[in-house]
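Colleague: Below you will find the structure I want to go over with you.
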Amino acid sequence: MSENNNVIEQSLTALLEDESFLPDLKAQTRDQAFKSLVAILSTPNHIHKSFLRVALENGTIVRIPSFRVQHNDTLGPYKGGIRFHESVNEGEVSNLARLMTLKNALHELPFGGGKGGVIINPREYSVKELNLICKKYVQYFNDILGPDKDIPAPDAGTGEREMDWMMAEYKNIHPGEPYRGSFTGKSIINGGSLGRKEATGKGVYFTFKYLMHNFVKDNERWLSEQEHRFAEAALRKVDKKLTMAVQGFGNLGAVAAREAFKCNELQNIIVAVSDANVMLYNSDGLDIPALIRYAEEHEGDLPQTEEALSENEIKAVVKERDNLLEIDVDVLLMAALENQIHKDNMENIKAEIIVEGANAPITEEADEYLSDKGVLIVPDILANAGGVIVSYLEWIQGRDTQFYKEEEIYELLYNKMQSTMDTILPQFFGDPFPLRQNCYIHSVMKLSTVLFKQGKLY
Ligand code: NAD
């Protein structure tokens, strides 16, 4: 949700009724504590802003606006990506930082929430200029970053190259100090973790599969006794063929689509995929491995013409990009950008299940409308935590200088995600809240309890 400002308040209000939540608090103290918790959790601790002074290759000096928002560090050092995009703004970075606080709390990671942003279109800068921008970012924010203070990672527009550059600059500024844990999402040779690149896409698909297959099958009888509208929706789909559309075919979308394509437990048919240029459709199912091969050879783009499709023996028709959201499928997997489902298209959505791979792909208004209609929405903070979970493993490996094998990383990743779902799903199917609210309640409860026990509510 783009405007999740009141989410914390709503979650606390839901908890207010529950006497087992902070049982030591009585009457007036309880009211005061709630007000303090709302104030603490709904505002960021710090918003840092700088104008990076960068000399371009043509000799011009530019000043590039950039941010680091540190939302909350109750559970550990701030953690969250740095986005290079021309639409970055303070509000967006703050929202994403808050989502990171909630996500890390939900998955029991020892991190707080942060996010960074630089207002540029990285495609308009040379490699040398991008290197300079990365170095300047670290120089300007150097006081607030570090393996035990605030640990950035890649986000849209940045990747392992940028993290390597930033870590190297951090090391220059802090000679003799530990530096490997200062950034995650680095290249393997620079201390990155095996599996980090695929972690989010694999985690997104794992979440969906665990919910729709493992959990539902293991609890079929209990679910059928719940008289729960989402339980009924999940039960209706079990062991059925599921048609799926995937919006976004980048790092996350392509990996999640490949996992869905090759999955043995669920009978998925991916009928549509889209990227920034086109939608491709085939009612019998698309050849996802062939599309991935094509994208790898064409700077990440899907084929855009009938000729390109037939030359590569891919059976599909080219359609208008944004129609993907409105086609009649069981599952929509969102893997592109924020705010894709909103008040103007929410009434046309036909999918009964929406999985949020991207952060906040559904606006608050659309989220409420679709949840009321009975659409099962698997929220971003539950589904897309694979990246930050493997970042956590990278951070640990950086400290120990002991590296895990790729299979070990995936096993640790899936165990962590499964453990979160085994906590959340029984609660979700037992109470009236949508899954997103359930996740938020869990995160806020964890954060509130730690704050209370640390004596920070007085
Ligand atoms: P990416 O840049 O690799 O891919 C984005 C994809 O979306 C590209 O295929 C692009 O063409 C497509 N796209 C852009 N605009 C579109 C539109 N209007 N309609 C359809 N497709 C469009 O990015 P990514 O790493 O795959 O991340 C996707 C989203 O997931 C981002 O919002 C990111 O913040 C979020 N996310 C990513 C990770 C991660 O580890 N990669 C982790 C958590 C959240």
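A short reminder: the numbers here are calculations on the coordinates, not readings from a lab. In this text, all values refer to a predicted model and were calculated from it rather than measured experimentally. Please note: Cβ atoms are built from the backbone with ideal geometry, for glycine as well, and neighbour counts cover all protein chains shown.
Colleague: Considering only DSSP states other than H, G, I, E and B, which trypsin sites (Lys or Arg not before Pro) in the range 258-343 qualify as loop sites with at most 14 other Cβ atoms within 10 Å? Write out the running numbers ahead of the final one.
Modeller: Values: sites: ARG258, LYS262, ARG293, LYS315, LYS319, ARG321, LYS343; in loops: LYS315, LYS343.
Those satisfying the criteria are LYS315, LYS343.
Colleague: Near the amide H of GLY76, under 5 Å away, which other amide H atoms are found, from residues 5 or more places off or on another chain, if H is placed in the peptide plane?
Modeller: Excluding prolines and chain starts, which carry no amide H, the hits are GLY112.
Colleague: Counting only DSSP beta bridges with both residues in the chain, what percent are antiparallel, rounded to the nearest 5?
Modeller: 45 percent
Colleague: Work out which helices of the chain, taken as complete DSSP H runs, extend at least 15 Å along their axis over the Cα atoms and score a mean Kyte-Doolittle of -1.0 or more, then list them.
Modeller: Qualifying helices: 27-42, 90-106, 127-141, 196-209, 251-262, 386-400, 406-428, 435-453.
Colleague: Can you give me the Kirkwood hydrodynamic radius for the range 1-93, using every pair of distinct Cα atoms, in Å to one decimal?
Modeller: Every distinct Cα pair counted, the radius reaches 16.5 Å.
Colleague: Rounded to whole Hz and in sequence order, give me ³J(HN,Hα) for the range 344-357 from the Karplus expression 6.51 cos²θ - 1.76 cosθ + 1.60, θ = phi - 60°, writing x for Gly and Pro.
Modeller: Once θ is set to phi - 60°, the couplings for the range 344-357 become 7, 10, 4, 6, 8, 6, 10, 4, 8, 10, 10, 10, 8, x Hz.
Colleague: Still on this model: Given just the C-alpha atoms of the range 177-267, how large is their convex hull per residue in cubic angstrom? Before the final figure, lay out the partial values.
Modeller: Numbers: hull volume 13.4 nm³, N = 91.
In the range 177-267, the Cα convex hull volume per residue is 147 Å³.
Colleague: Would you order TYR410, TYR170 from fewest to most other beta-carbon atoms within 10 Å of each residue's own beta-carbon? Walk me through the numbers before you get to the answer.
Modeller: Numbers: TYR410 20, TYR170 23.
Ordered from fewest to most neighbouring Cβ atoms within 10 Å, TYR410, TYR170 come out as TYR410, TYR170.
Colleague: Report, largest value first, the span of the C-alpha coordinates of the range 186-228 along each principal axis, in whole Å.
Modeller: Principal extents (largest minus smallest coordinate, Cα): 52, 15, 11 Å.
Colleague: Past the 18 Å Cα-Cα mark, which pairs from LYS202/LYS319; LYS149/LYS453; LYS197/LYS319; LYS237/LYS350?
Modeller: LYS202/LYS319; LYS149/LYS453; LYS197/LYS319
Colleague: Right, next: Using a ≥ b ≥ c from the Cα gyration tensor of the range 309-418 (square roots of the eigenvalues), is it rounded, prolate or oblate, where a/c under 1.5 gives rounded and otherwise the larger of a/b and b/c decides, a/b for prolate?
Modeller: Oblate shape, in that a/c is at least 1.5 and b/c is the bigger or equal ratio.
Colleague: GLU232 to ASN348: FRET efficiency via 1/(1 + (r/R0)^6), r the Cβ-Cβ distance, R0 22 Å, to the nearest 0.05?
Modeller: With a Förster radius of 22 Å, E is 0.40.
Colleague: Using amide H atoms built 1.01 Å from N in the peptide plane, name the residues 5+ places from ILE82, or on other chains, whose amide H lies under 5 Å from its own.
Modeller: Amide H to amide H, under 5 Å and 5 or more residues apart or across chains, ILE82 pairs with GLY116, ALA153, ASP155.
Colleague: Largest first and in whole Å, what are the equivalent-ellipsoid semi-axes of the chain based on the Cα gyration tensor, each being the root of 5 times an eigenvalue?
Modeller: 33, 31, 20
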